[in-house]
Amino acid sequence: MNHRDAMAGPRPKLRILCFGDSLTQGYSSMGAVLRPYATTLVQMLEMAFPELDIETVEDGAPGNTVKHGFLARMHGNFPARKRSDQGFDWAIVLGGTNDLAYNIPPADIFNKLKEVWDVALRKKTKVLALTVPEAGIAGAEALDARRAELNSLIKGYKRKGFHAFDLHAAVPFFAMSERDRARFWDDAIHFTPAGYDLIGNKVGIALVSLLAKEKAESDVFPARRQRYYKDEEGVLEEEVGDPLAIDQGYIVIRRRDLE
């Protein structure tokens, strides 16, 4: 640590819980490779907010269901007694893929998800809920319909401190080009390491946007000079380039997005 860092003191900390099943764990190549999306998420946040000390805790359990496993695990991340500096600012929750595979009704999955989210919200931890990604299974109309119902419930939920991000739309399977599908998808359910990095990028952009708005509305973060593009109507992520090469894009935050 140099003299300037010592004078400045410790940086404000941002702690994030990444919670879910194998898709949160970064399961790939039948478990031989693990690449949590949290890795790229941290990189995105550090680029956007270099004044913050970013810390993530990854809690992904392969095969776990929302209905029968999530709630106890979530309680384990929010014990009744904990050190005051070990709480979480955000919990990113992704679950439901395994439940849908076991034919658990979407309403039952959603009701249990609300209990899981509530554990964090009652501890003053904001929640970013991710919708369930597509499955690359042709002819599975009934499964697709149940997933769409669950995702609609997630996106429609309203509560203070709760936010939803449509991961299903951000990282599709069938709408991808064959080139992108081979690059980002490992099988019909899981992703390649590059695919988990893509998820981290997409979730990172969503969280950066939420934090930027939060920063504009409060003094939670230290003041720092903002940069804006001359063109206030400038394009946002992925409005240029090959629309099928979904990894192309930039983080652009316009002034009016923060108002």
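Odds and ends about this structure:
- Tally, over the range 73-131, of residues that are of a type in the set (Asp, Glu) and either crowded, with 20+ Cβ neighbours inside 10 Å or in contact with a Ser or Thr (Cβ under 9 Å, 6 or more places away or on another chain) (or both): 2
- Complete set of residues in the range 29-46 that are in a loop (DSSP other than H, G, I, E, B) and either modelled with pLDDT under 95 or surrounded by fewer than 19 Cβ atoms within 10 Å (Cβ to Cβ) (or both): Ala32
- Qualifying residue in the range 78-88 (condition: modelled with pLDDT of 95 or more and part of a helix (DSSP H, G or I)): no
- Residues of the range 171-185 that turn out to be buried (at least 20 other Cβ atoms within 10 Å of the Cβ) and either among the aromatic types (Phe, Trp, Tyr) or under 10 Å from Ser28 (Cβ atoms) (or both), as a count: 2
- Residues that are among the polar types (S, T, N, Q) and under 23 Å from Ser22 (Cβ atoms), drawn from the range 130-175: Thr131, Asn151
- When Asn103 is tested against (1) on the phi < 0 side of the Ramachandran plot; (2) modelled with pLDDT of 95 or more, only condition (1) is not met.
- Pairs are defined by a Cβ separation below 6 Å, a sequence spacing of at least 6 or placement on different chains, a first member in the range 60-74 that is under 12 Å from Glu115 (Cα atoms), and a second member that is acidic (Asp, Glu); the pairs so defined are Val66/Asp99; Lys67/Asp99; Leu71/Glu115.
- For the range 1-28, residues that are at pLDDT 95 or above and part of a loop (DSSP other than H, G, I, E, B) total 2.
- Flag: Val93 matches the condition of being in a strand (DSSP E or B), in contact with a Leu (Cβ under 8 Å, 6 or more places away or on another chain), hydrophobic (A, V, I, L, M, F, W, C) and under 19 Å from Ile205 (Cβ atoms).
- Residue check, Ala61 within 29 Å of Lys215 (Cα to Cα) and small (Gly, Ala, Ser): no
The values are calculated or read from the model by the stated rules, or taken from the named source; none is laboratory data. Computed from a predicted structure; not experimentally measured. No Cβ is skipped: glycine too gets one built from the backbone with ideal geometry, and neighbour counts run over all protein chains shown.
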